[in-house]
Amino acid sequence: MDTTTEKSPSPRASSDLSLSPPNGKTAIQLPGEERPSSVDSENNAQAFNPNWRFLLAFLALAFVTLAVALDATTLSVALPIIAAKLHGTAIEAFWSGTSFLLTSTVFQPSFASFSHIFGRKPLVFGALTLFAIGALVAGLARNFTMMLVGRCIQGVGAGGMISLTEIIVTDLVPLAERGKWFGIISGVWAIGSVTGPIVGGAFAQSVSWRWIFWINMPIIGVGYVMITLFLKLNHTKSAPFLQQLRRVDWVGSIMFIASTTSILIPISWGGVMYSWSSWRTLVPLILGFLGLVAFVPYEIYLAKEPMIRLGIFSNRSSTLVYFQTFIHGMILWSLLYYGPIYFEAVKGFSPILSGVAMFPETFTVAPASIIVGILTSVTGRYRWALWSGWILTTLGMGIMYLQDVHTSTAAWIFLNLVPGLGTGILFAGMAIAIPASVNAVDMAHAVAFFSFTRALGQGVGVAVGGTIFQNDLKKKLLAYPLLAPKAAEWSRDAAGLVQVIKAMEEGVMKTQLVQAYANSLKVVWVSMCGLAAVALLTSVFVKEFSLQQEMVTEQGFKNKTKVADTESSDTEKTVDG
């Protein structure tokens, strides 16, 4: 089987293909709607018939993706129990959860860039190793310092796996067939994200919180074996290691990681550890944004082999879908974070039952993503998924306003189904819209930045939702004479307040606090509804491109028969790592 070169015209021979300049940069077009890399369906009719080896390699990638998704959310409901066991503070517990999301976000572009130089498979093993080391350190933690170190290392590895999985799918599967495979990966991620709180709560309550990390070991072990045996990739740009190191955009990588970290850290602690007006919040935010402003001209004019190809923003459609991806990450993570909190604080559910109550998202996000992926592959069209996804997401976040203290079980199940369906449709729809909108030589770079944008939106979404919740809750608590003295303290942390509510005796004070909590969550949902409406408006201006495109990659699945030397030579001259 050959999923990459199937006797189609070589990239160099295609007059429609925008070639990459010798220094690895892609010529940046003026904003418009030209994407000169499509070919007619007859020439692009690649016989993509995945055999058992491909399927097992894909299964391995999906398997480790599930582990990463689980780890992103398992700790949230278990943190109060862990804090009690390790005698930690609320702030230490907060950073144990936040550090994973932060590190997994900022290192994604670096892993993608390194994989173009050193090859995908070595970077996959590197990411898996870091993930395993981090899980080991966190599982053995005797204090929150060890926990924080372990979670940071684990987050770096997780970021690598997230980015590399989507890039490898881009390398292996033609664009016209890619929707169903992206849909499966998105579905696996959605299942892991939503079931994470159930797994974490079950381990913390019934066994030991350390099993949240130990469970990763057999998954990582199976992933190592399967990837070693079945993921056979080409990487034709072999060169001495020192020469490869010189190709790395070290300055750009440091600038980008430092700048995004400088933005995400104050966004994470703003309103929790320090006020939004504090210099500890404003100074790193300003420095981070200035760093990103300086990063762009450096990548355009000075970097020999840019970490991020700015050509992926070469037309209006790709830029708009990146914006939508960011908003999608904000909305989805707000749902996954504040949804369980609603059930715990307002409905009084246990952590495990709160995870079960999130099943309306589980059984809509994952299947919707997979079905949409299949439909885009069959029909060759994807813009309908953007439109319908954003319509349902906007409607869903709007009707979440109806969720209150006395909402019946049947009602809250229905209310959660709609946004789950909308966000699930968007998972697969945007995963196809991004690569379809860019030049063939930029697809792997575009997909890598897509996963980063989604992760960035997730981190910002929790922070923005928290700020909205805190400000509104404080205002509502001040309106109740019994609650006003505690307004500043209780409104600081939505998750921490859950334990306060559960410890309170039944009475007027608890009733008022629960009602104020429910009303403040409504403001979060309305705010997310407004963001979804903006994204819906932008989807009108996204142009649909043909999915019949020629594959351009030198790191596709290995053939049983070797590709002609001349063809390999042509590929090397037109593809960047």
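Some values worked out for this structure:
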{"read-out": "Residue match in the range 303-324 (condition: over 28 Å from Trp387 (Cα atoms) and either of a type in the set (Gly, Ala, Ser) or at pLDDT 85 or above (or both))", "value": "yes"}
{"read-out": "Residues of the range 117-152 that turn out to be part of a helix (DSSP H, G or I), open to solvent by less than 10 Å² (accessible area, probe 1.4 Å) and farther than 21 Å from Ala495 by Cα, as a count", "value": "11"}
{"read-out": "Test: residue in the range 45-53 that is open to solvent by less than 50 Å² (accessible area, probe 1.4 Å), assigned to a helix (DSSP H, G or I) and at pLDDT 80 or above", "value": "no"}
{"read-out": "Number of the exception - Ala83 against (1) modelled with pLDDT of 80 or more; (2) more than 26 Å from the chain's Cα centre (by Cα); (3) under 26 Å from Val194 (Cβ atoms)", "value": "(1)"}
{"read-out": "Complete set of residues in the range 435-445 that are assigned to a helix (DSSP H, G or I) and either among the basic types (Lys, Arg) or crowded, with 24+ Cβ neighbours inside 10 Å (or both)", "value": "Pro435, Ala436, Ala440, Asp442, Met443, Ala444, His445"}
{"read-out": "Qualifying residue in the range 281-289 (condition: in contact (Cβ under 8 Å) with a residue 40 or more places away in the chain and farther than 20 Å from Val524 by Cβ)", "value": "no"}
{"read-out": "Residues of the range 87-112 that turn out to be part of a helix (DSSP H, G or I) and touching a Phe, Trp or Tyr at 6+ places or on another chain (Cβ under 6 Å), as a count", "value": "3"}
{"read-out": "Residue match in the range 61-84 (condition: surrounded by fewer than 22 Cβ atoms within 10 Å (Cβ to Cβ), more than 17 Å from Gly134 (Cα to Cα) and touching a strand residue (DSSP E or B) at 6+ places or on another chain (Cβ under 8 Å))", "value": "no"}
{"read-out": "Residues within the range 230-246 that are farther than 20 Å from Leu172 by Cα and either touching a residue at least 60 places away in the same chain (Cβ under 8 Å) or under 23 Å from the mean Cα position of the chain (by Cα) (or both), tallied", "value": "1"}
{"read-out": "Residue within the range 466-474 that is over 16 Å from Tyr337 (Cα atoms), β-branched (Val, Ile, Thr) and modelled with pLDDT of 85 or more present", "value": "no"}
{"read-out": "Residue satisfying condition, being in contact with a Leu (Cβ under 8 Å, 6 or more places away or on another chain), part of a helix (DSSP H, G or I), modelled with pLDDT of 75 or more and of a type outside the set (Val, Ile, Thr), within set Ala533, Ala516", "value": "Ala516"}
{"read-out": "Residue, most open to solvent (accessible area, probe 1.4 Å), within the range 340-361, restricted to residues that are among the β-branched types (Val, Ile, Thr) and within 18 Å of Gln499 (Cβ to Cβ)", "value": "Ile352"}
{"read-out": "Number of the exception - Leu477 against (1) surrounded by fewer than 23 Cβ atoms within 10 Å (Cβ to Cβ); (2) in contact with a helix residue (DSSP H, G or I) (Cβ under 6 Å, 6 or more places away or on another chain)", "value": "(1)"}
{"read-out": "From Ile227, Ile219, residue being open to solvent by less than 10 Å² (accessible area, probe 1.4 Å), out of contact with any strand residue (DSSP E or B) (no Cβ under 8 Å at 6 or more places or on another chain) and either under 30 Å from Trp52 (Cα atoms) or in contact (Cβ under 8 Å) with a residue 60 or more places away in the chain (or both)", "value": "Ile227"}
{"read-out": "Meets criteria (surrounded by fewer than 22 Cβ atoms within 10 Å (Cβ to Cβ), of a type in the set (Phe, Trp, Tyr) and over 30 Å from Gly196 (Cβ atoms)) for Tyr337", "value": "no"}
{"read-out": "Total residues in the range 495-515, condition open to solvent by less than 10 Å² (accessible area, probe 1.4 Å) and either touching a Ser or Thr at 6+ places or on another chain (Cβ under 9 Å) or within 21 Å of Gly97 (Cα to Cα) (or both)", "value": "2"}
{"read-out": "Residue list for the range 501-527, filter: of a type in the set (A, V, I, L, M, F, W, C) and either without any contact (Cβ under 8 Å) to a residue 40 or more places away in the chain or within 20 Å of Pro481 (Cβ to Cβ) (or both)", "value": "Ile501, Ala503, Met504, Val508, Met509, Leu513, Val514, Ala516, Ala518"}
{"read-out": "Residue satisfying all of: in the range 244-287; aromatic (Phe, Trp, Tyr) and over 24 Å from Pro306 (Cα atoms); surrounded by the most Cβ atoms within 10 Å (Cβ to Cβ) among these", "value": "Trp269"}
{"read-out": "First in the range 351-372 and over 11 Å from Gly422 (Cα atoms), second anywhere and assigned to a helix (DSSP H, G or I) and of a type in the set (Asp, Glu), Cβ under 8 Å, 6 or more apart", "value": "Pro351/Glu344; Ser354/Glu344"}
{"read-out": "Test: residue in the range 398-408 that is of a type outside the set (Ser, Thr, Tyr) and surrounded by 24 or more Cβ atoms within 10 Å (Cβ to Cβ)", "value": "yes"}
{"read-out": "Any chance Glu544 is acidic (Asp, Glu) and under 18 Å from Ser318 (Cα atoms)", "value": "yes"}
{"read-out": "Test: residue in the range 100-115 that is in contact with a His (Cβ under 8 Å, 6 or more places away or on another chain), surrounded by 24 or more Cβ atoms within 10 Å (Cβ to Cβ) and farther than 24 Å from Leu264 by Cα", "value": "no"}
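The values are calculated or read from the model by the stated rules, or taken from the named source; none is laboratory data. Computed from a predicted structure; not experimentally measured. Here the Cβ is made from the backbone with ideal geometry for all residues, glycine too, and neighbour counts use every protein chain on show. SASA here: full protein model, heavy atoms, side chains in, ligands and nucleic acids out. Shrake-Rupley method; radii C 1.70, N 1.55, O 1.52, S 1.80 Å.
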